[in-house]
Amino acid sequence: MPSYTPTSADRFTFGLWTVGNPGRDPFGEATRPALNAPYLVRKLAELGAYGVNLHDNDLVPIDASAAQRDAIVGDFKAALSDTGLVVPMATTNLFSDPAFKDGAFTSADARVRAYALHKTMHSMDLGAELGAQTYVLWGGREGTEVDAGGKLLDALAWFRDSLNYLAEYSEAQGYGYRFALEPKPNEPRADIFLPTVGSALGFIATLDQPDLFGLNPEFAHETMAGLSFPHAVAQAIDAGKLFHIDLNDQKMGRFDQDLRFGAENPKAAFFLVKLLEDTGYAGPKHFDAHALRTEDEAGVWAFARGCMRTYLILKEKAAQFAQDAEIQAAVAAYRVEDAELSALTGTFSPENATALKARTFDRAALGARGPGLEALDQLTIELLLGVR
Ligand code: GLT
Ligand code: MN
Ligand code: MN
């Protein structure tokens, strides 16, 4: 029986804000005491995690003095070097402070936009000091409840200007960050700008240095939009833009739940893991989720262990899927190849187009073919349920 115990080679990471989540929600206070960053680092290392990610203010309070900042960062670095945990990703909190209540980079107030850039550059300095290579930008407050202010096009232009500025800052400082945009359709704003992976991909193409920008898609966020996470991730991979990934789970049509990975949609989680493993995704696998509000500290570590364990179990299932002769025969039978037609459709030429137009097709036969998906899907379910 495999132990499904992670090691740093699995590259599992957690945000300080995930395992450090004290269980506060819009209707109720914290249900668990806050745990300090060095303690979280030591616990994550014990569990076999590879790294830890942070917002500036997860570690350093927004009103800390320079001396306080240095002491806090020093203790944190000591915990990292004691445990070998790394900080592969950093980000900025541009959503908690009231200054950002109507947006950060997309605020209608030029002073707020300037403060957002100021805060992000300081946070990028901190991330670089800790060795982060990926810089996540989640625009939680970048959106609106009402559109009467008329800023929809301006907001996109302001967002673009800010991202261009930050990319130049990163290069000028020699940080070499790769920026990962994290889309979300709503919450905390009614409508967040760049709400899905597809929207972010379209926007990246309009930036001055598009190669520096990619995606940090999150399972829960695409699910909240009623979309398939494996499909979104496939599109990011196809575009060469899967820079980072936020794994968790979510019931469709609910508030942002950030459930334990695989807790709600294990079949979608399976196809996601299979996609990541089949395509050789080598970046960190970040669990952006938290323990249920009902839990105490033991529940937090059960949650963290569970995220990693489920990933490893699904990875093993993906390997079984690839080795299962009956499944692979069904997968192979699903596809129909036709060399003669492919020769005509592979490359356009006036001759190929003329020849293709002249062909006749047996539509009835095409429509009558059964692709075997019911049987294949049942085999998949049986494999996931452990009876194969
Ligand atoms: C926040 C959000 C996440 C983002 C984080 C990065 S913070 O918890 O819900 O999805 O990834 O800013
Ligand atoms: Mn989320
Ligand atoms: Mn996230």
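The values are calculated or read from the model by the stated rules, or taken from the named source; none is laboratory data. This one's a predicted model, so the numbers in the text were calculated from it and none came from an experiment. A quick note on method: Cβ atoms are made from the backbone with ideal geometry, for glycine too, and the neighbour counts reach across all protein chains shown.
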(message) Of the residues Asp63, Asp56, Asp70, Asp75, only one is on the phi < 0 side of the Ramachandran plot and in contact (Cβ under 8 Å) with a residue 60 or more places away in the chain; which?
(response) Asp56
(message) Checking the structure you have, find out if any residue of the range 141-162 is under 19 Å from Ser199 (Cβ atoms), within 13 Å of ligand 1 (Cβ to nearest atom) and either outside the structural domain of Gly15 (by TED's automatic domain parsing) or part of a loop (DSSP other than H, G, I, E, B) (or both).
(response) yes
(message) If I filter the range 168-176 for residues that are without any contact (Cβ under 8 Å) to a residue 24 or more places away in the chain, over 18 Å from the mean Cα position of the chain (by Cα) and under 23 Å from Ile62 (Cα atoms), do I get at least one hit?
(response) no
(request) Please enumerate the residues belonging to the range 350-373 that are in a helix (DSSP H, G or I), under 30 Å from Ala330 (Cβ atoms) and of a type in the set (Gly, Ala, Ser). (result) Ala364, Ala365, Gly367, Ala368
(message) For the range 254-291: of the residues being more than 15 Å from ligand 2 (Cβ to nearest atom) and out of contact with any helix residue (DSSP H, G or I) (no Cβ under 8 Å at 6 or more places or on another chain), which is nearest to Phe12 (Cα to Cα)?
(response) Pro284
(message) Which numbered condition in (1) within 15 Å of ligand 2 (Cβ to nearest atom); (2) within 30 Å of Glu168 (Cβ to Cβ) is the only one that Met224 fails?
(response) (2)
(request) Determine which single condition Glu295 fails, assuming it passes every other condition in (1) part of a loop (DSSP other than H, G, I, E, B); (2) away from ligand 1 (no atom under 16 Å from the Cβ); (3) more than 23 Å from Pro22 (Cβ to Cβ). (result) (3)
(message) Please go through the range 121-156 and give me each residue that is in contact with a Gly (Cβ under 7 Å, 6 or more places away or on another chain) and either charged (D, E, K, R) or loosely packed, with under 14 Cβ neighbours inside 10 Å (or both), ordered by number.
(response) Arg141, Glu142
(request) Would you mind stating whether Phe270 is touching a residue at least 60 places away in the same chain (Cβ under 8 Å) and away from ligand 1 (no atom under 16 Å from the Cβ)? (result) yes
(request) Output the number of residues of the range 244-259 satisfying the condition of being within 18 Å of Lys274 (Cα to Cα) and either more than 13 Å from ligand 3 (Cβ to nearest atom) or touching a Pro at 6+ places or on another chain (Cβ under 8 Å) (or both). (result) 3
(message) Which condition from (1) away from ligand 2 (no atom under 16 Å from the Cβ); (2) touching a Phe, Trp or Tyr at 6+ places or on another chain (Cβ under 8 Å) is the one that Ala148 breaks?
(response) (2)
(message) Can you confirm whether Glu182 is among the acidic types (Asp, Glu) and away from ligand 3 (no atom under 16 Å from the Cβ)?
(response) no
